[in-house]
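Down below is the structure, laid out as structure tokens.
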Amino acid sequence: MASLINEVLSNAAAIAKGMSITLVEMMSPTVTEDYPDAPPKFQERFRGVHELQRDEHGLEKCVACFLCAAACPTQCIYIEAAENTEKTRISGGERYASVYNIDYSRCIFCGYCVEACPTDAITHGHGFEIASYNTSTLVYRKEQMLVQIAPGVKPPVVHEPVAAGGH
Ligand code: SF4
Ligand code: SF4
């Protein structure tokens with residue numbers, strides 16, 4: 001009889017302990033994200049889809065030095081360089097990236113490219129909705145990653161080449 005009473009008391013204590021934990025959790029603030037009904041909240045350091053930055057004049061910060069591509073452990077950055085000219089200025093340096101691709105089917109979001117960049121041209125944004133059934137859509141081009149010219153910033157003057165015979 002005594003052992004039965006002890007067992008009942010022991011079980012009751014265990015239930016009370018379990019319920020106390022449930023009660024505490026019920027009173028705690030909810031931390032569950034409502035995504036996709038509401039945008040998720042990111043820490044500043046979250047490494048999402050890259051952004052290619054511009055300077056205060058609206059020029060591209062990337063000077064096509066290839067250091068990010070050299071630092072990338074998965075070789076998923078592809079760059080083609082071109083020279084700025086007097087008539088066409090894209091970046092603040094001598095060269096700019098005429099092509100800048102990142103293959104997100106291979107990128108591991110390690111951040112080495114960001115650390116390697118001498119001009120802070122490439123940073124991680126917070127974009128993350130890139131899942132796809134078609135891996136060809138995971139190759140992001142410069143135009144998809146380049147940030148917009150900030151409001152109020154005068155866009156860089158780009159003189160189009162004059163057509164032969166034109167005025
Ligand atoms: S985050 Fe890492 S893997 Fe992705 S492009 Fe940069 S260096 Fe390469
Ligand atoms: S993003 Fe930075 S490291 Fe990469 S090519 Fe441009 S300037 Fe160089």
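The values are calculated or read from the model by the stated rules, or taken from the named source; none is laboratory data. A quick note: this is a predicted structure, and the numbers were derived from the prediction, not measured. Accessible surface is based on the protein model in full, side chains and every heavy atom, while ligands, DNA and RNA are left aside. Shrake-Rupley method; radii C 1.70, N 1.55, O 1.52, S 1.80 Å.
For the set Thr85, Thr119, the ranking by accessible area, highest first and with no ligand, DNA or RNA atoms included, is Thr85, Thr119 under a 1.4 Å probe. In the context of the full set of protein chains, residues of segment 50-145 present 56 Å² of accessible surface per residue (probe radius 1.4 Å, heavy atoms only).
The sum of -39500 (n - 2.57) across all DSSP H runs of n ≥ 4, divided by the residue count of the chain, sets its helix-only mean residue ellipticity at 222 nm to -7000 deg cm²/dmol.
Restricting the calculation to Cα atoms, the chain shows an Rg/Rh of 1.34 when the hydrodynamic-style radius is the Kirkwood one.
Within the full protein context, the accessible area of Met27 is estimated at about 150 Å² for a probe radius of 1.4 Å.
Solvent-accessible surface of protein heavy atoms, probed at 1.4 angstrom with all chains present, puts Val24, Val49 in the order Val24, Val49, largest first. Comparing Gly93, Gly125, Gly152, which has the greatest mean-square fluctuation in the GNM of the chain with Cα pairs linked when under 10 Å apart? Between Gly93, Gly125, Gly152, it is Gly152 that shows the largest mean-square fluctuation. Taking all protein chains together, Tyr133, Tyr104, Tyr140, Tyr112 sort by accessible area into Tyr133, Tyr112, Tyr140, Tyr104, largest first [probe 1.4 Å].
Here Glu7 sits with roughly 110 square angstrom of accessible surface, probe radius 1.4 Å. To the nearest 10, the accessible area of Ser98 is 50 Å² with a 1.4 Å probe.
Does segment 50-145 come out rounded, prolate or oblate, given a ≥ b ≥ c as the square roots of the eigenvalues of its C-alpha gyration tensor, rounded meaning a/c under 1.5 and, failing that, prolate meaning a/b above b/c? Since a/c reaches 1.5 and a/b is larger than b/c, the shape of segment 50-145 is classed as prolate.
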